[in-house]
Structure formats: C-alpha cells, structure tokens
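The values are calculated or read from the model by the stated rules, or taken from the named source; none is laboratory data. Because the structure is predicted, anything quoted here is derived from the model rather than measured. As a convention, Cβ positions derive from the backbone with ideal geometry for all residues, glycine included, and neighbour counts pool all protein chains shown.
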Amino acid sequence: MQCVTNERGETLKTFIKGSACRGFLILLALCFDETWAGESPIGMAISLKGAVTSDVGRDKKSIVPMAYLYENDEILVESTSELVFTHYGKQLLIKVVGPSGISLTKDGFKLISGEYPKSQPMTEKMVLLKNQSGLVAGATRMRVINTSYDSSLVYPPPESLLLSHAFEFKWPGEITSEYLVEWRIEGADQTLHRAKVRGNTYQMPPEIKLPNDIKIIWKISLLSDDASSVIRPMVSSFQVAGDDIIHHVRSLKPTPESDFAEKILFLHFLQSRKAFIEADQYLKSISPVSP
C-alpha cells in the first residue's frame, strides 16, 4: 500500500512513529467507563504516549488507545506527550504534540494552547474500515475496546461471530466431570448436535456442519454422578460467518507493512462485528514484543 504524505513529506508511518506502540499493551488491562447515551463519537484515539487527558464538563479523564472522542471534548496533551486520533467527519488523522490543548468540533478542532496539530488524510482503506465499523454495543464516552477475554469462561466468548469453521468449545469445569453439551438454532426445538463429554473442552467433528448467519445457542450441563440427570446448566450463543463474510474480512485485513493506524481501525472493525476471537489474536499480532 502506498503511504499518504503531507506537505512536509511525512508518511503516515512517520506521522505516528513513537506514539504508535509505546504503552499500547495498556489496552489489555483497561476497563469500560460510564455510559454516555444518545451521542455519537466524532473520532477515536489511535495511539498516544505520555499524559493525555480530556475535560468533559467538570470531569477530567485520561485518554487511552481506542477511546471514542466526542464533540466539545477538550484534549490536553502534556509536555513531551503525543496523541494521534482520527476525525471521522473530516476523514483526517491528527497528531497533537504537547504541551498543547484543543477542543474537538464536528468540523475539526479549535486550538486552545500550544503548537497547531498536524493532520493527514486517512487512507482509502482507513475510511473503508471506519465506515464498515459500527459502535460497540453500550458505547461509552471514554471507550476502551478490550479484546482480551477470560479463558476461564465459556469459549467462544458469548455472542461471538466465528470466522472459522474449525469449532473448539471450552467451559469452566473439572476435567474429571462429565457434561452434556447441546447446540440448537435460537427459537428452534430441534437439536443440531449433542455430545456427552468428559472434561471441559470439545472439538466439533468436521462432519457436523453448523448453519451460517444465524444465532446458535449452546448449553453445557453438568451430569450427575450416575449420568441420569443434569445440574447447573450454562447457556451461551454464537454465530457462524458465511464464506462471503469471511472473504470480505480477509480482504480488509492490513498487510504487515500497513500503517499502524490502519491496523488499529481493523482491530476496531473486528470488535464492532463481535469477531472477538480474531480481534484478540490480531491484537497480539500487532502488539510490540518486549525485549
């Protein structure tokens, strides 16, 4: 992919260099903030280094990677700190170098103090990813998209969109216990597949073809010692993507040489589509490796 350059000859890779990866693994440890209903974000933090905060009324909050940004947010970037964010309406990638302050508007931003931010057009792929990404359910003002899931819970994560037809299932339980596991289409009585399993993992046989593009409910029931009754059932759900969706997602995936901002937008795309497993795997693939 050819990089976009600005009037100073900087490529997007140079543009976000330094703030792209440092501190990025903070993503895995952060949680969601309070709900901010009825308002749509006008941008998203791509990368940052140092101290970057947002004043929302009387509240001051630290900005983190992949936080949604909103109109009238006042962004304060401390000395030696940097923030790179997307502005959806203007389709720009904007870099703020501290000490500096800006106020976000639907048309861009207003400079409050410090050096005027640099901006670059988003690439076509970035715009495409942004346009095909919805807000994650329960969107929050300072949203952190935490793709990491707790492997001690059910796997696939609840409500997942599965982009692979190799199905592995896991659930919390003892490896010596016996479970009855059942799969059915939501709202239907007919069972698609049923298996008695000793332990807490199950690999779906390849000859079992689960239907695409429809919600599937699966239930895990702990069997009694004599296997005559079930106790403590757990229920979860997922959806299997059809081949057309799988091919489309693959077509959007950035190359290893792609700009970091494009990779973050692809990660956001996966999360917004509930492809949680692929999002977790992709996050690990683009996160820096400690020396």
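Assorted remarks:
- Single residue of Leu180, Leu210 found to be over 30 Å from Leu83 (Cβ atoms), modelled with pLDDT of 85 or more and not in a loop (DSSP other than H, G, I, E, B): Leu180
- Filter result for Pro158 (in a loop (DSSP other than H, G, I, E, B), outside the structural domain of Glu278 (by TED's automatic domain parsing), touching a Ser or Thr at 6+ places or on another chain (Cβ under 9 Å) and of a type outside the set (Asp, Glu)): yes
- Yes/no for Lys196 being closer than 13 Å to Pro156 by Cα and among the charged types (D, E, K, R): no
- Residue list for the range 71-92, filter: of a type in the set (Ser, Thr, Tyr) and either surrounded by 23 or more Cβ atoms within 10 Å (Cβ to Cβ) or at pLDDT below 90 (or both): Thr86
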